Amino acid sequence: MKYNRFFEKANELGIEALELSIVKSNKLSFGFFKNEISSYSIADSYKLSARGIYNGKLGYATSEKIDESTVDYILNHIKENASLSTSEDKPFIFPGSDRYHKKNVFNKVLEATPASEKVALIKALDAKISSLDSRISDVETEYEEETEEYILLNSFGLKLVSKQNYAVVVASAVATDEQGQTKNGFEVKILTDLSELDQEAFAKKVVDQTIVQFGSGPCASSKYKCVFNPKTTSALLSFFIHSMSSEEVQKKTSLLAGKLNQQVCSKKITITESPLLKNVFFRYFDDEGVATYNKTLIRNGVLQTYLYNLTTANKDGVQTTGNGYKGGSGIGIRAINVAIKPGKVSEEEMLNKVGNGVYITSLSGLHSGMNAQSGNFSLIAQGFMIRDGKLAEPLSLITVAGNLFDVFNNVAVVANNNELQTNSYSVPSIFVKSIQVSGK
């Protein structure tokens, strides 16, 4: 369809400004269980989302089909939705930024690789995991590859296009020891190139994470020095970053309200957002069509900026930071490619500095056990004891509790082992001076 028909008809219907965002997606997914293929699917999808200003209000509409009836369907729904809106916020359709920093992040080799080769690769990985330890009883591996084209058009002549592809490999294993105790572990890897998958290293990681749990149990309840590994640091940091949302600040639901240019965490902590970093999460424009840019959020513990979309920026009389992304029915706020600046010590050297404490590798119940406003949390955890600067016996059936802001204020050491996580955060292990652990 020629999308200009939407804009012509919108003008006829008195819609003051119109924005279209189109997402075209192709997915390949398959899985193995006990080295036999258990699922295989190929799917294409199309979604058109539209926003329009009508009688001074913003209306929304979406459609997953495109034919001659779609134009009327979308525009009539925008008018109806806008007429029912009670929002007092000023509506925005963004004309466009002066400059965009576009990069090519589409991997033609990944796209061109036959599906049969991808299946053979994952089947070999599945077999490798099973072969590494006789206690492994079940192995399940999954592969999902997606190609996504995102187009944003509006009444002001703005046209932005991005296209990217990536693959996700997930593997899980179940192991049983001589006493009949069963444990399971898993690993996830995001790829933009199949050559990035080191089968031997990935398989070993899955197996090690599974069998190392044998003999695990709770430690004595007490306060401990604590190291959060990259995965758990990332989980905690995502809630901390949420407090930088200008939306939360304006609603007075963020403890960082009124803290701009003030010390909000340890001086050891510098946090950046780099949406222009050339990786699978790269974005050169946000969902409002605003050019993104790399920025420092916290420098040596001092809060440098809040995160804004067009609406919240207008309320504070500042420029948007290009962090307007769709969430729910409207435009929310999100940070992409967040990173903690790595320190100068390895994780091993960090453990030596800790001496004795706990090493946390897994946190569960984040959405129910974390109060995003107060920062108070009580979370089920797994990990290891740290004894004499080394990882010792595995821990399970423990709970860690505290306050999110206290955690980041009490960071004593930042390691240099940054790892890219599935939420786009690249973070290292951190040493926190004290955390409450409930065990036995």
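The values are calculated or read from the model by the stated rules, or taken from the named source; none is laboratory data. Computed from a predicted model, the values in this text were never measured in an experiment. Positions of Cβ are generated from backbone atoms using ideal geometry, with glycine treated the same way; all protein chains shown enter the neighbour counts. For accessibility, only protein heavy atoms count, side chains too; no ligands or nucleic acids. Shrake-Rupley method; radii C 1.70, N 1.55, O 1.52, S 1.80 Å.
F186 satisfies every condition listed in (1) of a type in the set (F, W, Y); (2) modelled with pLDDT of 95 or more; (3) surrounded by fewer than 17 Cβ atoms within 10 Å (Cβ to Cβ) except (2). Set side by side, the residues T305, T320, T361 differ, and just one is in contact with a Phe, Trp or Tyr (Cβ under 6 Å, 6 or more places away or on another chain) and open to solvent by 10 Å² or more (accessible area, probe 1.4 Å), which is T320. Taking region 365-382 as the range and being part of a strand (DSSP E or B) and either open to solvent by less than 30 Å² (accessible area, probe 1.4 Å) or modelled with pLDDT under 95 (or both) as the test, the residues that pass are M370, F377, L379, A381.
Of all residues in region 267-294, those that are open to solvent by less than 20 Å² (accessible area, probe 1.4 Å) have Cβ atoms under 7 Å from Cβ atoms of residues that are modelled with pLDDT of 95 or more and among the acidic types (D, E), 6 or more apart or on another chain, in T292/D286. So which residues in region 410-440 are within 23 Å of the chain's Cα centre (by Cα) and surrounded by fewer than 23 Cβ atoms within 10 Å (Cβ to Cβ)? The answer is V411, N416, N417, N418, E419, L420, Q421, T422, N423, S426. With respect to I298, is the statement that it is surrounded by 21 or more Cβ atoms within 10 Å (Cβ to Cβ), over 17 Å from the mean Cα position of the chain (by Cα) and without any contact (Cβ under 8 Å) to a residue 40 or more places away in the chain true? The answer is yes for I298. On the stretch given as region 41-57, residues that are in a strand (DSSP E or B) and either open to solvent by 50 Å² or more (accessible area, probe 1.4 Å) or farther than 15 Å from A10 by Cα (or both) total 9. Screening region 232-255 for residues that are open to solvent by 20 Å² or more (accessible area, probe 1.4 Å) and assigned to a loop (DSSP other than H, G, I, E, B) and picking the one that is nearest to Y308 (Cα to Cα) gives K251. The helices (runs of 4 or more DSSP H) falling completely within region 61-156 that include 2 or more residues that are touching a residue at least 60 places away in the same chain (Cβ under 8 Å) and in contact with a Ser or Thr (Cβ under 7 Å, 6 or more places away or on another chain) map to 70-84, 115-131.
Select, from K315, K326, K353, the only residue that is assigned to a strand (DSSP E or B), of a type outside the set (D, E) and open to solvent by 20 Å² or more (accessible area, probe 1.4 Å). Show your work before the answer.
Numbers: K315 fails: assigned to a strand (DSSP E or B); K353 fails: assigned to a strand (DSSP E or B).
Within the list K315, K326, K353, the selection yields K326.
Of the residues contained in region 385-396, one or more are found to be of a type in the set (A, V, I, L, M) and surrounded by fewer than 16 Cβ atoms within 10 Å (Cβ to Cβ). For region 1-34, the set of residues classified as at pLDDT below 95 and in a loop (DSSP other than H, G, I, E, B) consists of M1, K2, Y3, K34, listed by residue number.
Restricting the first member to region 19-37 and to residues that are under 19 Å from V174 (Cβ atoms), and the second to residues that are surrounded by 18 or more Cβ atoms within 10 Å (Cβ to Cβ) and not hydrophobic (A, V, I, L, M, F, W, C), the beta-carbon pairs closer than 6 Å and six or more apart or on different chains are G31/E142; F32/D126; F32/T141; F33/E140; N35/D126.
Here the condition is being under 16 Å from Q250 (Cα atoms) and of a type in the set (V, I, T); of T361, T305, T292, T296, it holds for T305 alone.
Looking across region 148-159, the residues that are surrounded by fewer than 19 Cβ atoms within 10 Å (Cβ to Cβ) and under 26 Å from the mean Cα position of the chain (by Cα) come down to E148, E149, Y150, I151. Inside region 61-81, residues that are closer than 18 Å to E288 by Cα and buried (at least 17 other Cβ atoms within 10 Å of the Cβ) make up a count of 2. For region 21-40, a tally of residues being among the aliphatic types (A, V, I, L, M), buried (at least 17 other Cβ atoms within 10 Å of the Cβ) and either out of contact with any helix residue (DSSP H, G or I) (no Cβ under 8 Å at 6 or more places or on another chain) or more than 30 Å from E117 (Cα to Cα) (or both) returns 1. When each of K163, K223 is tested for being open to solvent by 40 Å² or more (accessible area, probe 1.4 Å), basic (K, R) and within 30 Å of F408 (Cβ to Cβ), the lone residue that passes is K223.
Yes or no: M385 among the aliphatic types (A, V, I, L, M) and part of a helix (DSSP H, G or I)? In short, no. Among the conditions (1) within 27 Å of T320 (Cβ to Cβ); (2) of a type outside the set (A, V, I, L, M); (3) under 28 Å from the mean Cα position of the chain (by Cα), the only one that S63 does not satisfy is (1). If you check G289, G258, G215 for being in a loop (DSSP other than H, G, I, E, B) and within 30 Å of L18 (Cβ to Cβ), only one passes: G289.
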